[in-house]
Every structure is written in C-alpha cells, then in structure tokens.
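To start, the structure under review is shown below, and the notes come after it.
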Amino acid sequence: MNKKGFIFDLDGVIVDTAKYHFLAWKKLANSIGVDFTETQNEQLKGVSRVKSLEKILAWGNKTVSEAEFKELMDSKNTDYLNYIEQMNASEILPDVPKVLNYLIENKQGVALGSASKNATVILEKVDLLSKFDQIVDGNHVVKGKPNPEVFLKGAEALGIEPKHCIVFEDASAGIEAAKAAQMIAIGIGDKTVLGDADYVFNDFTEISTDFIKELINK
C-alpha cells in the first residue's frame, strides 16, 4: 500500500468545539457592547484568535488599545479553556475513530493541522492524542488559513510531499488552504459552503474504508 499523509482539522472535524468558541466569543463581544450571532460565528471557523477578534471589533465598529486587545484575547481563551476542561471522549464526532484506526492499521501518516492553540489539550481530553504522528497547530504557524502554511508544515512533519496529502476540513478557509497546498481537500459539512472541496461528506459516517483505501492507492 502507498503511504499518504492524512491531515485533519480539529474543530468541527474531530470534535465540535464550535459551540464553545461561540459561547466564549459571544461573552466577549457582549462585554464590549457588540452583538454576536451564530451566523457571525460561522465566519470565524478556521480563523486565528487575533483575526477573529479583529472581525468582531469591525462588526461593532469598535477600537481598543493594544493592551486591551491582548486582555480581550486572554479573557476569551480563559473562558474557552474552562468550557473544554469538561470535554471527554463522548464529544468525538461519529466514526472519526473508525477512520483514524484504519489509517493507523494501514501505516499511513496522520497529522493534525489546526488553527487552535489548544489542540493538544483537546486531543488529550478526548483521548485521541496517541492517534496522531504529528501535531501542527496555532502555536507552530504564523499565517492562518486560507494560507496553506499549517498544511504544508503538516506534510513536512510527516515527511510526505504535499501532493500526496489529503486534508479533512469543515471550513471554506481550510478548503482554500488545502487546495493552495496542492492537496486533496475533503469537506466535512455543508456542500453549499464547502463546494470547492474535491469531495464533501456530511460527516465521517458517510466515509467508508473502501473510499479511504482508494485515496491511499491513487
């Protein structure tokens, strides 16, 4: 069997932490007098904390000092960490372990490619950290998605050429990043949002091991 690199986003692909991000961002936005909706939260998927806060300030037509900006970011992260502290394996999205186990059994490269700076903590909480050969997250990259840096670093860490890598993503910015890296992009979620992906599935229950095998042997 060929050896390919499989790179997974975290939020919305392996676990659904979007709800916790929403609660933490909403609390922050409301604290500075800005309304924050679930629709706006969708626009922050796959986006770094800095860029997310910049967007919220722009939506509310607000300006803050550099010191206040840092305080707000730290406050949001503290709230988010308090939420994820309660996470456990029950929050892994359906059939993710099935796919990870198949890849491991077939000696494929498995990496995480996420904007989250808390990726390792979350994977430990849900007991999946040992499934990944490499972790590339917000602590290792300078440029956020749609820049392909996180995926290119994932491929490099795995020692596999980008053209032999497959990315699982739930955000349009992530699909754009995967395509920019010359990788196969698999969207997890809504086809209307992820239409630029090479393949789109609602979730991993729709992804058969035969399909994964085809990707490996391409």
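Taking 19 Å as the limit for the C-alpha separation, the pairs Lys3/Lys117; Lys19/Lys98; Lys51/Lys117 exceed it in the case of Lys3/Lys117; Lys19/Lys98. Listed peptides 129-137, 97-105 appear in the order 129-137, 97-105 once ranked by packing, highest mean of other Cβ atoms within 10 Å at the front. Surface exposure of segment 1-156, expressed per residue as accessible area with a 1.4 Å probe, stands at 49 Å².
Note on the chain: Rg/Rh from C-alpha atoms, Kirkwood Rh, equals 0.97. Once the Cα atoms are used to define both axes, helix 149-158 deviates from the longest principal axis of the chain by about 40 degrees. So for the chain: antiparallel DSSP bridges make up what percent, rounded to the nearest 5? Antiparallel bridges make up about 5 percent of those DSSP assigns within the chain. Protection proxy ranking of 171-178, 35-42, by the mean of other Cβ atoms within 10 Å over each peptide's residues and highest first, is 171-178, 35-42. For segment 89-205, a simple Cβ point-charge model (Lys and Arg +1, Asp and Glu -1, everything else neutral) yields a dipole of about 200 debye relative to the Cα centre. About the centre of its Cα atoms, segment 38-95 shows a dipole size close to 260 debye [charges on the beta carbon of Lys, Arg (+1) and Asp, Glu (-1) only; nearest 20 debye]. Solvent-accessible area of the chain (1.4 angstrom probe, protein heavy atoms only): carbon and sulfur portion equals 47 percent. Adding -39500 (n - 2.57) for every DSSP H run of four residues or longer, then dividing by how many residues the chain holds, sets the calculated 222 nm ellipticity at -13000 deg cm²/dmol. Taking the longest Cα principal axis of the chain as reference, the axis of helix 18-31 is set at about 10 degrees.
The values are calculated or read from the model by the stated rules, or taken from the named source; none is laboratory data. All of these numbers come straight from a predicted model, not from anything done at the bench. Using ideal geometry, Cβ is built from the backbone for each residue, glycine included, and neighbour counts are taken over all protein chains shown. Just the protein is used for accessible areas: all its heavy atoms, side chains included, with ligands, DNA and RNA removed. Shrake-Rupley method; radii C 1.70, N 1.55, O 1.52, S 1.80 Å.
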